[in-house]
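The structure appears below as structure tokens.
The values are calculated or read from the model by the stated rules, or taken from the named source; none is laboratory data. Quick caveat, the model's predicted, so the values are computed rather than measured. Here the Cβ positions follow ideal geometry from the backbone for every residue, glycine too, while neighbour counts run over all protein chains shown.
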């Protein structure tokens, strides 16, 4: 049966999942055909290409945009679907064929993490309106803005992602874990001022997590109480000794690290982070730039196919 949202445009990053997405595209196309879903498939050619492809598809009148790849591909497509904090098309629908090495975004919604089973969720008419984080930060050229559907960080988490990105891609999911241990020793805590709506944290801290969804880092349930349609962001500020990581990481995978005396928790719509020195900012596993940064929730601006 054809989709009620019209023919879908599947934007695939063939390099995701150590090249698995490219290898599985013929089978993905067969699955789409067997479900009666009309589609056209386009492959990305480099960073930022998925954003341009999504925007061009929407401006051409197509409205069912599907990301085939990891969380980075999803983030790029979300950035193509939004303009000036609003959808380019109010009727646009985001689908995800999760096939990257991390694929944390889909875990919050209970969607499959492999491409073949993911395709089946593109059929039907079930939608879930989700919030998105707008991130204002600094990059080499000055002020910049990025949209993030999942989770962002400032501090140690940004340093970890930057280090993990320099590791060989064939390592796969363990890149984040290795990046963490390689970054931990050299990272210095900083004096931070974090404001969440009218509440404020001021003091020495390692990291700030700003969560819309629940999972990051290839399966860590970092924000177990986050619901990406409630119009609020969940914030965790880690201000204890770095040595706590040895005991916290196993608990984070299970979502059992909260409450914790050395993690300050807040909820709000606008989060500002400033520090005594610029701290790296990452979102969905992509290094963006540095603080000062502002994270703002955009309520239910994306329709997710589930």
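Listing for the model above:
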{"item": "Pair list, Cβ under 8 Å, 6 or more apart: the range 258-276 residue assigned by TED's automatic domain parsing to the domain that holds residue 242, other residue at pLDDT below 95 and loosely packed, with under 15 Cβ neighbours inside 10 Å", "result": "262/241"}
{"item": "Those residues of the range 195-216 which are touching a residue at least 24 places away in the same chain (Cβ under 8 Å), over 15 Å from residue 156 (Cα atoms) and assigned to a strand (DSSP E or B), in sequence order", "result": "195, 196, 199, 201, 203, 211"}
{"item": "Selected residue (criterion: nearest to residue 122 (Cα to Cα)) from residues of the range 252-296 that are at pLDDT below 95 and assigned to a loop (DSSP other than H, G, I, E, B)", "result": "284"}
{"item": "Number of the condition not met by residue 238 [criteria: (1) modelled with pLDDT under 95; (2) surrounded by 15 or more Cβ atoms within 10 Å (Cβ to Cβ); (3) within 23 Å of residue 189 (Cα to Cα)]", "result": "(1)"}
{"item": "Subset of the range 217-243 [touching a helix residue (DSSP H, G or I) at 6+ places or on another chain (Cβ under 8 Å) and in a strand (DSSP E or B)]", "result": "220, 238"}
{"item": "Enumerated helices (runs of 4 or more DSSP H) restricted to the range 1-81, each holding at least 1 residues that are surrounded by fewer than 14 Cβ atoms within 10 Å (Cβ to Cβ)", "result": "16-34, 49-59"}
{"item": "Filtered residue count, the range 117-126, keeping only those that are assigned to a helix (DSSP H, G or I) and either farther than 18 Å from residue 22 by Cα or in contact with a helix residue (DSSP H, G or I) (Cβ under 6 Å, 6 or more places away or on another chain) (or both)", "result": "2"}
{"item": "Counted residues, the range 241-267 - those being surrounded by 15 or more Cβ atoms within 10 Å (Cβ to Cβ), in contact with a strand residue (DSSP E or B) (Cβ under 7 Å, 6 or more places away or on another chain) and farther than 24 Å from residue 107 by Cβ", "result": "1"}
{"item": "Where residue 299 falls short, out of the listed (1) crowded, with 17+ Cβ neighbours inside 10 Å; (2) in a strand (DSSP E or B); (3) within 17 Å of the chain's Cα centre (by Cα)", "result": "(1)"}
{"item": "Verdict on residue 285 being surrounded by 16 or more Cβ atoms within 10 Å (Cβ to Cβ) and on the phi > 0 side of the Ramachandran plot", "result": "yes"}
{"item": "Selection from the range 279-306 of residues that are more than 23 Å from residue 206 (Cα to Cα) and touching a helix residue (DSSP H, G or I) at 6+ places or on another chain (Cβ under 9 Å)", "result": "301, 302, 304, 306"}
{"item": "Residues that are assigned to a loop (DSSP other than H, G, I, E, B) and within 16 Å of residue 297 (Cβ to Cβ), drawn from the range 85-96", "result": "85"}
